[in-house]
Structures are given as structure tokens and as C-alpha cells.
1. Quick check: is even one residue across segment B:62-77 at pLDDT below 90, in contact with a helix residue (DSSP H, G or I) (Cβ under 7 Å, 6 or more places away or on another chain) and within 25 Å of B:Gly252 (Cα to Cα)?
2. Mind counting the residues in segment C:261-289 that are open to solvent by 10 Å² or more (accessible area, probe 1.4 Å) and part of a loop (DSSP other than H, G, I, E, B)?
3. Is one or more of the residues making up segment A:164-174 part of a helix (DSSP H, G or I) and under 30 Å from B:Thr30 (Cα atoms)?
4. Step by step: first the residues of segment B:145-185, then only those that are of a type in the set (Gly, Ala, Ser) and assigned to a loop (DSSP other than H, G, I, E, B), then the one that is farthest from A:Gln250 (Cα to Cα). Which residue is that?
5. With the requirement that a residue be of a type in the set (S, T, N, Q) and free of Cβ contacts under 8 Å to residues at least 40 places away in the same chain, what does segment B:260-292 give you?
6. Given (1) assigned to a helix (DSSP H, G or I); (2) open to solvent by 50 Å² or more (accessible area, probe 1.4 Å); (3) under 16 Å from B:Val282 (Cα atoms), identify the lone condition not met by B:Arg94.
7. Where residues in segment B:269-281 are more than 18 Å from C:Ser401 (Cα to Cα) and more than 7 Å from every other protein chain (Cβ to nearest Cβ), which of them is least open to solvent (accessible area, probe 1.4 Å)?
8. Would you confirm whether or not segment A:53-63 contains a residue that is open to solvent by less than 30 Å² (accessible area, probe 1.4 Å) and outside any loop (DSSP other than H, G, I, E, B)?
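The values are calculated or read from the model by the stated rules, or taken from the named source; none is laboratory data. Because the structure is predicted, anything quoted here is derived from the model rather than measured. Cβ placement follows ideal geometry from the backbone for every residue including glycine, while neighbour counts extend to all protein chains displayed. All accessible areas refer to the heavy atoms of the entire protein, side chains included, with ligands and DNA or RNA removed. Shrake-Rupley method; radii C 1.70, N 1.55, O 1.52, S 1.80 Å.
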Amino acid sequence: MTVAGPVAKAPSSVQAIRRFLRLNPTILVGLAVLAAFTLVALIAPYILPDPVRVNPIQRLRPPGAEFLFGTDQLGRSTLSRTLNGTRISLTIGALVTLLTVTFGLLIGLVAGYVRWLDGTVMRVMDGLMAIPGILLAIALMSLFGSSVQNVVIAIGIAEIPRMARVVRSSVLVLREQTYVEAAITNGAGLPRMLLRHILPNAAAPVIVQATYVFASAMIVESILSFLGAGTPPTIPSWGNMLAEARPFMQRAPWMIAFPGVALALLVLTVNVLGDALRDAIDPRLARKLSV
Amino acid sequence: MTSYVLRRLAATIPVLAFVGLFVFFLLRLTPGDPAILIAGDQATIEQIASVRTQLGLDKPLTEQLFAWAGQLAQGNLGRSVLSDMEVTRLIGMRIEPTAMLALVAILMALAIALPLGTLSALKAGSRIDRMVMAFAMIGFSSPVFVVAFFLVYVFALTLGWFPTQGYVPLAQGLLPCLNSLVLPGLALAMLYAALLARVTRASLLEILAEDFVRTAHAKGLKPRMVVLRHALKNAAIPVVTVVGVGIAALLGGVVVTETVFNIPGLGRLTTDAILRRDYPVVQGLILVFSLVYVTVNLLVDLSYVLFDPRIRY
Amino acid sequence: MTSLTRRLALAAGLVLPLAALPAAAQTVLKVRPFGDLRTLDPMTTSDYMVRNHAYMVYDTLFAVDAKGLIKPQMAESFTTSADGLTWTFVLREGLKFHDNTPVTSTDVVASLKRWGERDGLGQQLLAHTASLTATDPRTITLVLKDRWGLVLDALGKPSSMLPVIMPARIAATPANQNITDATGSGPFMLVKEQWSPGSKIVYAKAPTYQPRKEAPDGLSGGKLANVDRVEWLIMPDAQTALNALQAGEIDIFEEMPPDMISLVKGNAKITVSKLAALQGVFRMNQSQPPFNNPKLRQAMLLLVDQEQAVRAYVDDKALYTVCPSFYMCDSPYFTDASWPKPDLAAARKLIAESGYKGEKIVVLDATETALSPQTLVVSQLMRDAGLNVDYQAMDWGTLSSRRTSKNPVTQGGWSTFASGPAAPDMTEPVGHLALRSNCENSWFGWPCDEAIEKLRAEFTMAPDLEARKAIARKIQERAVETVPYVPVGQFWLVRGQQASLKGLLSPGVPVYWNVSKSR
């Protein structure tokens, strides 16, 4: 990986970011959409009725003046649940990403740098990867019990090995680089070494992988909830809404349409953002792609 | 080459051992046990305790672990605590639907992704390219069960072309069997096809820019021949890698697809067994899944030789 | 197979080998049962799927007719001595097990003894029994220690666990071990080689079965197998099952969610019928605070509006009943004596009087069950009344394990859960699952009340229906004070079926004799 790129040349960070965004309009749009979702997530609880409150008398109302998005089988407002669900999905996506990046970095750095631990650690990671992620998450959910926090942990555990691999392979490449070897000969300590030289250069693949984790976490949450092993049903997560809407697909299609479109849009945004970031950060690949 | 394969095989043993131990303890720590489910809704606590004794679930964990490991060493995966059937037999009954589903899905994914990815690479930057990539992006972003439901609604309920659910065993004929797998295969293939199309496009682009392709052009070979003879073959390596890596995602997708289409395969067996705490069955299944994953990845590594003569083991 | 592929198959000259399709020349009834069959032993579990399996392969000495009366089934006749202590039962002639061996009185004695070790009513019967013997190959003699009014009710028990008759060699299996051989003398036999747990259970018409001459009546009368095979196809997902029903891939869809009814209403090929009635039971843990306080339990009875709760699951008025009673509304023992009207203000007042100080109330909810919507509504009502609700979602596997705990809620204990026992288990005071108040031996929640237990014992000795009704009423009057549980409405489970099926019975338990299907 070359250090020289559009980012490295920029004089100050604010200017650099501006320039970076001007060069990459997709990222700008992606970030704007993401910001809009975040805004909705932040203000929804304050402007809409309680998304959890059940009222069987007004169940399965189609969209109309009173309920813009209609109501579900327990008489809860679909509008309120969909908008409040944004927060759940974003939270799950963000926390899983945080968890995965933290532990993925930790494990990947240790495995890549501490040679005698590498074998054991990576065998454990291989073992975890050999269990299909969804099944692992289902098993973990029946162990932990249903809650948002546990969904995050379960999905995180299934995602960490892949991130650890990405980090490890970057470290393996980087430690062969002359400037790293030079730093080692100059007596740089391990923490300093990792922080100053390895981490910044491993950042690009980690960021790209992180966006995929973010998107995939939101999808996996919906699949877990669909299989009945996700977030508690009182929580208006999109996964729960989709799972609950399934038997009403024909009778109350609005129940599946709104959370479905919202989920697809958010995941799509994050994925597009991830692609654009990869193209922008990895100039080698970007150059190839522009042939 | 042989020594490489042997080394790789040896390396899988600790992986499988870890998986076995991990799953064993994971399940035992999970609240709820099969005794309670067997005893039924109206059982008293004493009745539950007696079922537990009968199943040997009251013994210390280590004793249960050694008993299981001992059986395993003899190739015996134990018996289901719920149906009292041998786990190997249970798994045997369920392998065919899953294997057929996975095979159909992979073939469909390849049939969709390779042409589209190649087209997209050859017309990079054009409207076709953008459309293919947008399609890939959407396929990549949609939950399997949403795709599945859409397919059932359109092609089974509305048009009546395919059955809505179920699996017809191969023994009843290849065509009926394939017919029952069209919709589930397609639902499962979506994500995979999206991934493959992207990788095919990216690696083709990379190869097309390389010297030997330019040389072939310069030698006056027809562009189509260049792509077919040189570029695609070289682009195969990343594609094969994705097939290998994707097998995990595929196995995960199988669980969901089998639930939606009611296919009596390994995926549904696993979710049922987890929800009912049928320990021996879950343990056996996870081992089988891991074995498949490890084997496929070994085969993928070996296949590199086929596609790239420069690689030697 | 669809028309498209059939055309393709014909065009390709591919004709299916007939040998591979054993069902082609036979009539096969395809049923999506509500659950999965987990074990074959009807005497060790109260699981309703096992009970339904038992009705396929076994027969019983007595059975309940449509009016709720007990009629001889395998028994040809019976006599009672003047003192009511000696009962003699004679088996019908020609009864055979599926293995072609005759059903003898030895088999009956062995089966009843095994059943009596596990079933609640069976245990009572054996406790009152001096001897149960096989007098000759077709005659069984039961001698009681004292007068006991429920002999026939026990032997003709309609719901789990059933007193089924199995060969003595199988009944010799200890009662704490599951049997694995499903040989019975019922109208169908299990095709064990084709049983694929979690996927498919196959029954074939039993050539050995000797039906009664009478027409079917409730669970009694002639049980004619009019199809060659019955296949239970396990489909956990209700939407998948609905699709299959609409596409004609299955004949019967048990426990169709009521919200799907409107979707098939316009479809002339599909009809919907009542399958079984349930009573929603909201159970409180009386071994731990705060529900060890009767005042708070009384407050719960005032708090729950059955109408609101049950409508969260079904909103078709024909399919639910708001029933001010612990007994089923159509039970002969139904009474609304002392039943309070739902009253939020009064409930609040009682909560205040009870000295409730905001202790945490752990509500367990198995989200895949029909009672989950009711649990959500009741939780909402509890919150509205100022109770500190900790709602915990889980699967039934976890719930059924959690509810066995008598620990405080801080140590994995629980405060409430909901379940839906079937009508036969909620009809009269003795068999009533949730009214039993015999402390440690009662159902989870462990209500404990001597007065109710004394009345239940009196009930078994009562001379006639009127006397029994009076006792049942007294039990209710007492239970309204002790509140062993809160009923959250009675509702019907429904089934969807192909309209072309003929003779499908609805005796409150899904049974598949008498039904026929055109080829």
C-alpha cells in the first residue's frame, strides 16, 4: 500500500476532508442520507406517540389520516414504530461495528505481531468462522436471552473473526515494510510501534470492512428476529416489525412495506458508502477501476 | 502437494476440536433443557427430574463431555434426546435437500453472476455496467426472507408456476426435484450472485489492464477470444475464493431459506434442535457444518493450481 | 407438480417411475399439525401433539361423546356392583393390535397401571383402587377401596394424558422411561421408518382395526380410517402453511392464525372450521413476592379486561368468549358466581391497600405462542396500574424451564407467565389444571389453599350432577379470593381445510378418522 495519495498531500485536516468529499460526491450523498436517518432516530421518540403502547381496538388500520402508516396487529402506530426502529437498527449497526472493530483490531494485532500466539488465536478464529454465522448467533441468543445488548454481542462474536483476519493480514504485510523494520531497529516500543506505524496504515481495510459489518449487522438482526431469536418483541426494531408483519403480508401489506423499505434504504446507503470509501481510500484499486 | 494436503488436513483437527468443545459448553450453559420439553406443559418438577435422570442430564458436565467425546472417537454422534433417533441417521435424512439446495443456488448464482460481471467489466462505466452494479448492490442489501417472500408471492401464489413450499426428493425424479428448488434456490442465490458479480467485474478489470492481455490484443487476437482464453481464466482465482468464503454465508442463508420454503434440510434441523435444546443433534450438526466449511476451503485452495500454473504447493 | 413443469416433463419424455411414488395409487391426507411430535410416549408427557398422535394409533376403554358423556369404546359393556366398589369391564370381541396379536385384559391392566403412575387422575384412581385384575382374556375387574365418583371420567379422559391401551410387553416399560414402539390398536399405525423428526410423520390405515358399529359421536363411536395414509407435514411458519393450503399442497392447516381467516374467505376451495377451544391462563408465582400477597392477585383479577386481552389475538366475535368464570363457558359447571367486573380504579385501590412497594414483576413471554399478544396487553394494563413490570421475551423452551424456578426474581425467578390449556383440561374442578391448589404438587405458580383442596376432594364423592355443580360453585367463590390465576379469555383455535374433504370431525381434538378425500 502506498502512503502517497490525495489524503496525504492535504495541508490541514478540515481542508483535506472538504477536498476529499468534493472529489467523492457519492460519499457526500451517502453521509447526508445517513445523517438524515440519524436525525430521525434522535428526534422520533420526542415527536411521535409511544411505539410500544398496544391498543387492540384499533388494530390493523390501513394508512389514513389518523395513522399515516396504518397500525399493526396490536394497534400500534406503524409510523411511530418505523421511525423509532431507525434508532434500534442504527444502534445495533453502530455497536456491532464498534465491538467488531475493537476486538478485531485487538485480536488481529496480537495475532499478527506476537508470533507464538498467532497459531492458537487464528485456529480459534477459524473455528468460529467455520460455524455458520446465523447459527452461531441463534445459539448465542438462546444462551443469553433476548435483548438488544445480546443481539449486539451475538452478531459481534460472529463478525469478529473476519475482522481479525483482515487486521492480521495487514499487520503481516506491514511488518515486512522497511520503515517498520527501521523503527524496530531504532528501538521503538511495541505500543508505540502499533499506534504510530501499524494502526494508521491498517486503517483503510478496517474502515471498509467496518462498513460491511455495519450493513450486515442490520440485516442479521432482521433475520434473527424473523427466526424468533432476535430483539425482544416489545422493541420496535425493523426486524421484529418484518417478522410480525409476515402473517399479515396479504391482509396488511403496509406493515411490511414501511420497515422493509426503510431497512433496505439504510443498508443500501451504508453499502454504497462502503464501496465509495474503498474506491477513495485505496487508490491502487481506484486507479485500476478507472481503466 | 500431498504433504501440503496432509498438513492442511492436520490443521483442521484443532479447529474442529475447538468447535466441538465450544458448542458443547455453549449448549450446556443455555437455560432450558430437553427434559422439561419432553415432560410437557403439565409436568411436575419431580416428573421433570426423573426424565432428566433418564437422559443422563443430571450427571456432571465433564462426565457428559467425556461420554460424548468417547462416542465421537468411534464415529458415533449419539442419539437425539427428543426422538431417540441416531444423530447420524437424522443428519443423513436431511443431507439431500440441503446439498441439492446449495448446489442449485451456487449454479444459479454462477449462471447469473459470471455473464453479468463479465459484461459489466467489458462495458465498464456504461449504463449497463451501472445497472448491473445497482442490481448487485440491491441483491447484496436485501434480507433473504424478504426476497423469498416476494418470489413466492409472484411465481407461486400469483402465477402458479412453482410450488409454494416443500421439497421433492431426487428419488421421485430429477425434474420434480429441481422444480421444487427453483424458488428457494433463486432466493438463496441472490446474495451470492451479487457478491460474485462484483468480484468477477473487479478482477476482470484488473486482469484486462495487465500486460499479457495487452499483448494478446496487440497480437491481433479478437477481443472476445482475449476475454475467454486469457482474462476469465485468470480472474477465476478471486472468484473461486469468493465461492469458498461465501460458503459460510450460504450455509447461513440455507437456514432461513429452508424455514421459509419448509425444506426438511440440515438448516431447519439445526434451528429446531437449538430451540429444543436437543444437545447431541446440535453438536453433531455444527461439527458437520464446520467439516463442510473446512473441506470446501481446502478444495478452494487446491483449485488455485488448476487456474494458475504459477502456484505450487 | 405445476402445469409448466408437467409440460416440460412430458416434452422431455420423462415419465415418473411409479414405484418411486408409493402414494400415487392411494389417498393421502396431508395435514400441517400445529407442532411437532417429539416423543411417542402418551403416558409420560402432557404435550398435545403426543396426545393427538395417541388418538391416531391407540384406542381407549371409554371415550367422550359430543355431549360430554362417557361412552364405552374398546369396552363392550361394564357393570357396577350395588355398593359401587366393584367394576367389571368386558372388551369387545376381535380387538387386535397392529402386530396382529389380540388385545387382552392383561394388556389393559398393564396399560392402566402404567398410566396411573404418571397421570394426575390416574394416580387418584390407583390410590382408590384395591385391585385391578384380568379375570379372563376379555374381562377386567376393578375393586375400589372406597366409593369414588370419577372412575369413568378417568377411563374416558379426553385430553392428555390419555389412558390408552398398549400391548403389555410395551406397557412393561418403566413409567419414567419413554416407550419407542408405537404399536397400538387404533385406526392408524405409525410408519416408523418414514418418521423424520421435525419434518414428517406418516400414518397408514391399520388393517387390524375393529371399529364400533355406531356413527362417530365426539371422540366415541366408530373410528373408520377412510384414507390410506395420513401425513403430518411439520411447517413451523404459518405463512408457509397458508401458502401451501392455498396452492392445494396440504389438505388441513391446524391452528391457522385467526388473522388469516379473512384472506381465505373469498376462496371457494377452502373452508375454515373450529378446531379446539382454549382458556387463556395468566399465572402468577405465589411462592415469591409480590404475588404471594392475595390482595395483589385480587387486583390482577380486577385489572384484566378479557375482551381487550383476547382481541389482541383474535377479533372475530364468533371465535372468542369473554367468560366470567374459571370454568369453560360451555362446561356443565360454568358459574359466574362472585366474578368481579374489570375495574381499573378498584384495581389501583387494591394495589395501594396491598402494600405493594414497586417490587419488580418479571413477566415471562414465549413470543411464538398464541398467548403472547395477551401477555403484551396484560403487561400494558399492569404498567398502567402502576406495577413495575420487567417484560422478558423468550422462546417456549426457555419459558418452560424458567417457570420451574421458585427463586426470587433477582435470582432467575419469575412472577407471571401465560399458557393456553385446552377446554377438556379446564372444564371441571378435579381435572382443572390451573385451579388445583395443592401447594407443591400444583401447576407452576404453586397456589396453596386447603379450602379449595377440600372442596375438590368432596367433588369426587358427590352423588350427582347438581351436588357437583354446587361444589364447583363454592370452589369458584373461594378461588375468586385466592386467585390461583387470572383467565384472559377463551378462544377458538381454527383450522383451514380444502372444501373437498368429506367427514372431517371436530370433537375438540384434531382426529383424522372418518375424513375422506377423493383421489
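1. Yes; the residues of segment B:62-77 include at least one that is at pLDDT below 90, in contact with a helix residue (DSSP H, G or I) (Cβ under 7 Å, 6 or more places away or on another chain) and within 25 Å of B:Gly252 (Cα to Cα).
2. Number satisfying all stated conditions: 9.
3. Yes; the residues of segment A:164-174 include at least one that is part of a helix (DSSP H, G or I) and under 30 Å from B:Thr30 (Cα atoms).
4. Of everything passing the filter in segment B:145-185, B:Gly173 is farthest from A:Gln250 (Cα to Cα).
5. Of everything in segment B:260-292, those that are of a type in the set (S, T, N, Q) and free of Cβ contacts under 8 Å to residues at least 40 places away in the same chain turn out to be B:Thr270, B:Thr271.
6. (2)
7. By that ranking, first place goes to B:Val281.
8. yes
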